[in-house]
Amino acid sequence: MVASASQITETRLPEQDLLFSRSQMVSRILELNPTTSADFLDAFSDESLGHYLARLNTLQQPRPAPMGWVRTSETPAILCREPVD
């Protein structure tokens, strides 16, 4: 399914997430996802935390049938790691 322009606009990183300090973003992420830890989140950049927070905020909203989260270019669909010998 191809996302419409209105769907893409609605799922972009909200401006209010960019205005949070790092500690505010981490606090909010911990509220929304209690299975993570502040130590784990410390490994990520402010930009990455902002994108993750936007994703978590999107998940908190009721989802009408045609709506959903649209993967942005900085979020790869599949990750693979190869061991370094």
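Quick note: the coordinates plus some simple rules give every number you see, no bench work behind them. All values derive from a computational prediction rather than experimental measurement. Because the Cβ atoms are built from the backbone with ideal geometry, glycine has one as well, and the counts that use them run over all protein chains shown.
If we count other beta carbons within 10 Å of each Cβ, what is the order of 84, 70, fewest first?
Working: 84 4, 70 16.
Ordered by Cβ neighbours within 10 Å, fewest first: 84, 70.
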Fill in the blank from the handout: Proxy exposure order for 39, 46 (fewest C-beta within 10 Å first) is 39, 46
Fill in the blank from the handout: Rounded to one decimal in nm, the spacing of the 7 Å Cα→Cβ label points at residue 45 and residue 22 is 1.3 nm
